[in-house]
Structures are given as structure tokens and as C-alpha cells.
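The values are calculated or read from the model by the stated rules, or taken from the named source; none is laboratory data. Since we're looking at a predicted model, the values are computed, not measured. Neighbour counts run over all protein chains shown; Cβ positions are idealised from the backbone, glycine included.
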Amino acid sequence: MSTDSSVIVRTSAALSPRAGWGWGLLGVLGFSFTLPLTRIAVGGLSPLFIGSARAVVAAVLAALVLAATRQHPPTRAQWGRLAVVAAGVVAGFPLLTSFAMTTAPASHGAVVIGLLPAATAVLVVVRTRERPPVAFWAFAGTGAGAAVLFASMQNGGIGDLHWSDLLLFGAVLAAAIGYAEGGLLARELGSWQTVSWALVLAAPAMSILAIVAAVDAPPTATSVEWLAFAYLAVVSMFVAFFAWYRGLAIGPMAQVSQIQLVQPVLGIAWAALLLHESIGWSTLLGGLTVIVCAALAVGARSSSARAHRSAPSPRHPSEES
């Protein structure tokens, strides 16, 4: 779940760009099962348990990898910024989507979550005080409006949003904030290291939530529901990040990052295949509109950034003849 600038990492000139596309696509493929499998898991596990316990499992894996590779701990200032990342992608997104999937179809959620690339680009612009072209804001705003209109029409009429829709929009905002800050922090710590340290930082709080959830609503999941949870914890929360960030590191990052625009399409497909959800024209049209707007917004910002980097710097007066 990342965008054009969701993670900023050092590129590797030694590897072919095709490798970047391959790793990036593998990461997106892993992420695309998240909503459908969350929909399955909530059949026997509480949304609070799913959202918190999956982070605990991923944090254990992250701690093992960090220890095995002997990563240097972040500084005090970096821990503060990691708290922002953890709040967004370790706690906010998993918890909000877990609660949303108790009532909303996975295909519906996939369309709304399709806003994430554009939302992250907006947060990066705000965080770094960039000045993208008007087209960027126009496409980002149109995409947001399309997602709200889609959610409203699915619920019966314009302005008729359900609680699950608000949770999904909140999940998009939480993830966008986490990815934007994580992208900047990854310049200092590295990409997968940033996610791993964020998981470790959030582990105590998420462990408490998982225990409370298990005591309040003891799990009654079937083997299929436990398998769905295992996927969310191991793949969606951890392994897929490694593939995704590896792809971004190989690059070209601007091109590789746009692979995530296919995630809503994959999510809708898995919802139909795994959950047998009926995919109507409104879902297809809504998903296409959101994806196109997100692609145009990300593309407008990328073009602006490339033009800014290639522009000659102003000459010092002493250099003029």
C-alpha cells in the first residue's frame, strides 16, 4: 500500500528495471488479498483482535529480522517520527479496515482504498511543502469526489454514507500519513527497516489490545478463518512490504510505485472469486474512475518533480559575465 512517494529509498543501478517491476508487482499482489481475507477472518475473529494481533505477529517477525541483520537502533528524534508511521500503517489502517469489513463488501472497500496512491501523494506534498501543478490538485480532488459519490450511490443515494465508509476513508487517511512520513524517514533508516522498527514500536500497545480483544470476545474461528488471519499477519503486514520496498529500491521508483494502481482491480477480482460477491457495473465504473484519477494525480506530481530536478539552478551574480 504505497504511492509515488510513499517510500524514498536508494536505487540500485546494478539491477535491471524489470526486477523493480517484478518485485513491486509481487508486493502489490500480496497486499491485494488484504480486504477479502479480512472479510473472511471477521467471521470468527473480532475486528479488534484481527487489527491488533496481526501487528503483534508481524512485530515478532520484524524483531527477529532486525536482530539477525544487526540493524542500528533509530535516534530519539527518529523514534518520534516512527510513532507517526506506526499510528498510520501498523494501527490505524489494519484496525479501521477490520471494523469496516464487518459490514462492507470487500469489493466496495477496494474501490474506496483505491484513493490511497493519490492521498499519499497529497500528504507528501503537504509534508514537504512542494508546489505541484493545479492539475495535481484537480485530479486528486476529482478522485476523492468520485470515491465519495460511489460510496453514497452504493448505499442508496447521494450523501448517504454508512459507518463502514467513514472507517474506510479514515483508513486511507491513516495509511497516507504513515506512508508519507515513512517515505521521508526511509531516506535515513532504509525502507524495510522503517516498517520493521514501526512494528516493534507499536508492539506493546497492540499486544494489550489483542489480549483485551481475546478476553472480551474469545476467538471462535474455523481453520479457514485462522488461515486468513495468518495471511494478514505474515504477508499483508510484513512479507509483502519487503517485496514492495525492494521494487521501489531497484526502481525507477516513479514508475514502479504506480503498479499499486492495479491493487483495487485485483481486490475486486479476489472479492468475486473468494467471496462470490456480485460485481456490478457501478463497482467497475467507480473503481475505474478512482484509479484513473489517482494515476493522473500521481503522474502530474511525478512530472512536476522531474521538471524541477532537471531545471538549471539560478546562477550566482558573480558567475555572470
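Structure notes:
- Looking only at residues of the range 192-247 that are buried (at least 16 other Cβ atoms within 10 Å of the Cβ) and β-branched (Val, Ile, Thr), we find that the one that is nearest to HIS72 (Cα to Cα) is THR194.
- Contact map, the range 151-171: residues that are over 13 Å from VAL111 (Cα atoms) and among the aromatic types (Phe, Trp, Tyr) paired with residues that are surrounded by fewer than 22 Cβ atoms within 10 Å (Cβ to Cβ) and modelled with pLDDT of 80 or more, Cβ distance under 9 Å, separation 6+ or inter-chain. Pairs shown: TRP163/THR103.
- Among residues of the range 26-47 that are among the charged types (D, E, K, R), those with a beta-carbon under 7 Å from a residue that is in a helix (DSSP H, G or I) at least six positions away or on a different chain give the pairs ARG39/ALA106; ARG39/LEU275.
- ALA59 being touching a Pro at 6+ places or on another chain (Cβ under 8 Å), more than 20 Å from GLN263 (Cβ to Cβ), of a type in the set (Gly, Ala, Ser) and outside any loop (DSSP other than H, G, I, E, B): no
- PRO218 outside any helix (DSSP H, G or I) and either without any contact (Cβ under 8 Å) to a residue 12 or more places away in the chain or under 16 Å from LEU95 (Cβ atoms) (or both): yes
- Long-range neighbours under 7 Å by Cβ, at least six apart or interchain, first residue farther than 30 Å from ILE279 by Cα within the range 111-136, second at pLDDT 75 or above and among the aliphatic types (A, V, I, L, M): LEU123/ALA176; LEU123/ILE177; LEU123/ALA180; VAL124/ALA180; ARG127/ALA180; ARG127/LEU184; PRO132/VAL125
- Pair list, Cβ under 8 Å, 6 or more apart: the range 221-239 residue among the charged types (D, E, K, R), other residue surrounded by 22 or more Cβ atoms within 10 Å (Cβ to Cβ) and not in a helix (DSSP H, G or I): GLU225/LEU45
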